[in-house]
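The values are calculated or read from the model by the stated rules, or taken from the named source; none is laboratory data. What you see is a predicted model; the values in this text were computed from it and never measured. FYI the Cβ positions are ideal-geometry reconstructions off the backbone, even for glycines, and counts take in every protein chain you see.
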Amino acid sequence: MADNDYISENRKKPPNTTVLSHRLEDELAQLDSESDINISAAHTGGIKSNKSKSIHPTRAYELVFNKMNTDREKVKNTMLGTVFNNALTEAGIPNPEEIWKSL
């Protein structure tokens, strides 16, 4: 997975890479209406700026993990869901939908 900055910087796209249409933080904000505040303020000294916001990997994991436990359909319907589907397919799971239903 790579966010949009990766491609806009003219980096080579490795095979089997899903490129998010936005930054990771923007994708995560779709999962939690309050996440943008947490993402922006937690790691930029309280300065809220679309250009400078970033999220710590642990916070990103926690946000996705919590949403998978409370509303996995919401995750499934984002680009992150596409990333998971692609990863499952690469891991040899022929029908990722079965995994989504079994969680």
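A few remarks follow.
- Residue within the stretch 81-92 that is outside any helix (DSSP H, G or I) and exposed (fewer than 11 other Cβ atoms within 10 Å of the Cβ) present: yes
- Within the stretch 77-103, being in contact (Cβ under 8 Å) with a residue 40 or more places away in the chain and over 21 Å from residue 67 (Cβ atoms) holds for one residue alone: 90.
- For the stretch 50-82, a residue qualifies if it is β-branched (Val, Ile, Thr) and either at pLDDT below 90 or more than 19 Å from residue 21 (Cβ to Cβ) (or both), and the qualifying residues are 55, 58, 70.
- Taken over the stretch 1-35, the residue count meeting the criterion of being modelled with pLDDT under 70 and either touching an Asp or Glu at 6+ places or on another chain (Cβ under 6 Å) or buried (at least 18 other Cβ atoms within 10 Å of the Cβ) (or both) is 1.
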